[in-house]
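The values are calculated or read from the model by the stated rules, or taken from the named source; none is laboratory data. What you see is a predicted model, and the numbers here were worked out from it, not measured in a lab. With ideal geometry, Cβ positions are generated from the backbone for all residues, glycine too; neighbour counts draw on all protein chains shown.
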Amino acid sequence: MLKVIVSGCFGKMGCVLTKCIQEDSDLELVCGVSQDVPNNPPFKVYSKMVDIKEKADVIIDFSHHSTLNDVLSFALQNKIPLVIATTGYNDDELRKIKIASKSIPIFHSSNMSLGVNVLLKLVREAAKVLNGFDIEVIEKHHNKKVDAPSGTAVMIANAVKEVLPNVEYNYGRYGRSAKRSENEIGIHAVRGGTIVGEHDVIFAGHDEVVQIAHSAQSKDIFAKGSITAAKYLVNQDCGYYNMDDMLN
């Protein structure tokens, strides 16, 4: 049985993840970590990673980018494989993750959905074929989401940039002189209600439009994706892994 620590266990995604772990007969939730610990939690919870005493086979992190140093430090010190599903990292934080992956296995993805990662493959193929088409990315999420654009929207833009390295990102176009430039990708964030997550990629050409879209119906898909990643990661050597590695 795989012993799991959940970082960010009482966040929106953390609550879904702990439920999914407890329903999986192959997994054991040994403890969680949360900055806000409720009275009489249903499992062992710590406010800091450093206080954890339980042994574990893998850590799944659905917390906040500000906790990265604590999560990495604990995982490195205890040589525990780490699944990072948190978003909002800057370049320096991403560099820290890559460095840490030289010492422990780390699986990192801004979106744990199988469907989204298929979408990324389709976007790469479309960018190769649809020469001269204007590309726009629109993401929609609930009104509680903090970071914008979403990590998935950035993943989509980066997938295009792999094919078209000269493109530039334009976040939330506005103003009186906002005419679209030839080599830009427009990235737009919508926040409202309880939208779980929607991503649309528009390829607009002369007299035709190709649209690739993904809609998440519940948060379960992200939790179950991270569990699949954890089961995959514990059998890997030190290194940096993502959805492409697992799917291939």
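Here are some notes:
- Taken together, the criteria place residue 57 among residues that are over 20 Å from residue 13 (Cβ atoms) and touching a helix residue (DSSP H, G or I) at 6+ places or on another chain (Cβ under 9 Å).
For (1) among the polar types (S, T, N, Q); (2) modelled with pLDDT of 95 or more; (3) not assigned by TED's automatic domain parsing to the domain that holds residue 133, each residue gets a yes or a no:
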{"residue": "170", "(1), (2), (3)": "yes, yes, no"}
{"residue": "191", "(1), (2), (3)": "no, yes, no"}
{"residue": "196", "(1), (2), (3)": "no, no, no"}
{"residue": "202", "(1), (2), (3)": "no, yes, no"}
{"residue": "212", "(1), (2), (3)": "no, yes, no"}
{"residue": "227", "(1), (2), (3)": "no, yes, yes"}
{"residue": "231", "(1), (2), (3)": "no, yes, yes"}
{"residue": "236", "(1), (2), (3)": "yes, yes, yes"}
{"residue": "240", "(1), (2), (3)": "no, yes, yes"}
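- Residue in the range 90-110 that is assigned to a loop (DSSP other than H, G, I, E, B), of a type in the set (A, V, I, L, M) and under 21 Å from the mean Cα position of the chain (by Cα) present: yes
- Put simply, of 25, 7, 47, 34 the only residue that is closer than 20 Å to residue 221 by Cα, touching a strand residue (DSSP E or B) at 6+ places or on another chain (Cβ under 9 Å) and among the small types (Gly, Ala, Ser) is 7.
- Options 116, 6: the member that is part of a strand (DSSP E or B), among the hydrophobic types (A, V, I, L, M, F, W, C) and touching a residue at least 12 places away in the same chain (Cβ under 8 Å): 6
- Within the range 66-84, the residues that satisfy the criterion of being exposed (fewer than 13 other Cβ atoms within 10 Å of the Cβ) and either of a type in the set (A, V, I, L, M) or part of a helix (DSSP H, G or I) (or both) are 66, 69, 77.
- Matching option when the condition is at pLDDT 95 or above, acidic (Asp, Glu) and loosely packed, with under 13 Cβ neighbours inside 10 Å, among 23, 93: 23
- Residue match in the range 168-187 (condition: under 22 Å from residue 90 (Cβ atoms), under 21 Å from the mean Cα position of the chain (by Cα) and of a type in the set (A, V, I, L, M)): yes
- Matching entry among 207, 237, 244 (being at positive phi, out of contact with any Ser or Thr (no Cβ under 7 Å at 6 or more places or on another chain) and among the acidic types (Asp, Glu)): 207
- Taking the criterion of being closer than 21 Å to residue 124 by Cα and either among the small types (Gly, Ala, Ser) or part of a helix (DSSP H, G or I) (or both), the residues of the range 198-233 that qualify are 204, 205, 213, 215, 216.
- Residue match in the range 43-55 (condition: part of a strand (DSSP E or B), in contact with a Pro (Cβ under 6 Å, 6 or more places away or on another chain), surrounded by 14 or more Cβ atoms within 10 Å (Cβ to Cβ) and of a type outside the set (A, V, I, L, M)): no
For (1) part of a loop (DSSP other than H, G, I, E, B); (2) assigned by TED's automatic domain parsing to the domain that holds residue 80; (3) of a type outside the set (Lys, Arg), each residue gets a yes or a no:
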| residue | (1), (2), (3) |
| --- | --- |
| 122 | no, no, yes |
| 131 | yes, no, yes |
| 140 | no, no, no |
| 147 | yes, no, yes |
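So that you can scan it fast, the table gives a plain yes or no per residue for (1) without any contact (Cβ under 8 Å) to a residue 24 or more places away in the chain; (2) β-branched (Val, Ile, Thr):
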| position | (1), (2) |
| --- | --- |
| 148 | no, no |
| 152 | no, yes |
| 162 | no, no |
| 179 | yes, no |
| 183 | yes, no |
| 188 | no, no |
| 197 | no, no |
| 200 | no, no |
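- Taking the criterion of being among the small types (Gly, Ala, Ser) and touching a Pro at 6+ places or on another chain (Cβ under 8 Å), the only residue of the range 204-233 that qualifies is 230.
- Checking the stated criteria, residue 87 turns out not to satisfy the condition of being outside the structural domain of residue 144 (by TED's automatic domain parsing), surrounded by fewer than 20 Cβ atoms within 10 Å (Cβ to Cβ) and under 26 Å from residue 153 (Cα atoms).
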